[in-house]
Amino acid sequence: MNKFFKKKLSIICFIFIPIIFLWHPNWLGFLGVQPYWPLFWLLPWSMINGSFNGLIFGLFLGLILDSLTIDNNFTQIPGLILCGILFGRIKLHSDVLVGHFRYGLICSLGTFLCGTLYFLQILFKNSLESNFLLFIPSFKNILAEVFLTGFFAPFICSQLLRMFKFSSRKS
Amino acid sequence: MLEIRRISNSRWWHKKKSWVFLGIFLFLFFVRISKGSFYKDFYYFISRPFWPGQFQKEVILESINQESLIRLNLLKKDNIRLREILSLQESSNDDNISAAVISRKTGSWWRQILLNKGSRDGVEIGSIVIGPGGLLGRVKNTSLFTSSVTLITSPESKLGVWLERIQIHGLLVGLGDDYPSLILYSKDADIKVGDFVSSSPASTLLPPNIPIGIVQSIDDSLNSKKRVKISLLAKPQAIDWVQIVKVNI
């Protein structure tokens, strides 16, 4: 049983992403905004398993998270797929400290990408509407998300990466 | 030669008494600096049971509350009777379902809450959700045990509302922040900060007269309409228990 958990650690963590997404712990937030949780998992996963796996699991994550939000018009799939592919191209760095900060920066950029793609969808849908007033809240969302994800990524990603590497080596 | 040497014990700082006096001095100095606020506050608490008119005030307030309650019940009955005569839409308390908020997304892109009552408990899509203060949102979808609610702050939400004082309808649009925007398609509307906004009696989505919010600021810069910022009475970020009201359309 223990061996099974060790071997499937990355998949078990994957199952917990939607739960954290729903949980939405306010005490971790900033201006009511949360870090973009799926990227914390997607970055180590893609770095270990490559772009193609990143793409597939980006799609899966997008599908699950879209099903949890009741906004039917917009999707998180393009952003997560793109991040999966990009993260897969990043090589592991030997310097531990540089690695830590790099995770923060990469996750911030990924969040910015996902947020911008989401905002573009909203913008495109409302382009003909004269009452479109979403600019300021959207910028606030993107900036807060970028900051928080970048802030937490060095702690979470490096731990997850270590755990995933360990579990894949054992198998 | 005789050397006079002090015995170390005789120094003032070696005496406990000196420190006690210094402590008292510092305390009194603090009292002086604070203009006796410490004493005044202390006096406030000890004299509280003896304040004049306190008991009388409570009796009067209780009577006023009772009177208001009786009047409210009478008005409710009157309202129901008149609505029946006019065959307007109504809501009854029997259809209410109490539910707890188990997931809350009140920031970020998504403005939704998840309730612990679902289709198994009789929650229907389109039911409205009310919290302490007033309207929170509408049930968008249900699972067996849960229901997802689109908050009125969500950009997806568009509702017809009613301004009681100036007797005018408006469109309440969520903006993705904590303050939805009310759009009045009349430049001459005499709206003021502090006006009360409730659900529209003509709305097909909501039961009438549910409190929503209060006008916070008014933007007159547009040509043909007024855009008004609304402060909600029910705060979705703080509410843990809600009522789901079935809408009979």
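The values are calculated or read from the model by the stated rules, or taken from the named source; none is laboratory data. Computed from a prediction, not measured in an experiment: that's the story for all the values here. Note that each Cβ is placed from the backbone with ideal geometry, even for glycine, and that neighbours are counted across all protein chains shown.
Below, the figures for the structure above:
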{"quantity": "Verdict on residue A:85 being modelled with pLDDT of 90 or more, under 27 Å from residue A:139 (Cβ atoms) and of a type in the set (Val, Ile, Thr)", "calculated": "yes"}
{"quantity": "Qualifying residue in region B:165-176 (condition: modelled with pLDDT under 85, touching a helix residue (DSSP H, G or I) at 6+ places or on another chain (Cβ under 9 Å) and within 11 Å of chain A (Cβ to nearest Cβ))", "calculated": "yes"}
{"quantity": "Options A:27, A:41: the member that is under 18 Å from residue A:149 (Cβ atoms) and touching a residue at least 24 places away in the same chain (Cβ under 8 Å)", "calculated": "A:41"}
{"quantity": "Residue in region B:120-151 that is nearest to the other protein chains (Cβ to nearest Cβ), counting only those that are crowded, with 16+ Cβ neighbours inside 10 Å and of a type in the set (Gly, Ala, Ser)", "calculated": "B:148"}
{"quantity": "Some residue of region B:81-97 being outside any helix (DSSP H, G or I), of a type in the set (D, E, K, R) and modelled with pLDDT of 85 or more", "calculated": "no"}
{"quantity": "Selected residue (only one of A:43, A:97 is assigned to a helix (DSSP H, G or I) and modelled with pLDDT under 85)", "calculated": "A:97"}
{"quantity": "Top-ranked residue of region A:21-40 - restricted to ones that are assigned to a helix (DSSP H, G or I) and modelled with pLDDT of 85 or more, ranked as surrounded by the fewest Cβ atoms within 10 Å (Cβ to Cβ)", "calculated": "A:37"}
{"quantity": "The listed residue being at pLDDT 85 or above and more than 13 Å from the chain's Cα centre (by Cα), out of A:53, A:2", "calculated": "A:53"}
{"quantity": "Residue within region B:159-176 that is under 14 Å from residue B:112 (Cα atoms) and either touching a residue at least 60 places away in the same chain (Cβ under 8 Å) or touching a His at 6+ places or on another chain (Cβ under 9 Å) (or both) present", "calculated": "yes"}
{"quantity": "Filter pass, residue A:58 being touching a Cys at 6+ places or on another chain (Cβ under 7 Å), buried (at least 17 other Cβ atoms within 10 Å of the Cβ) and more than 11 Å from chain B (Cβ to nearest Cβ)", "calculated": "yes"}
{"quantity": "Region B:195-237, residues that are within 14 Å of chain A (Cβ to nearest Cβ) and among the acidic types (Asp, Glu)", "calculated": "B:219"}
{"quantity": "Scope region B:177-194; condition surrounded by 15 or more Cβ atoms within 10 Å (Cβ to Cβ) and within 14 Å of chain A (Cβ to nearest Cβ); matching residues", "calculated": "B:177, B:178, B:179, B:180, B:181, B:182, B:183, B:184"}
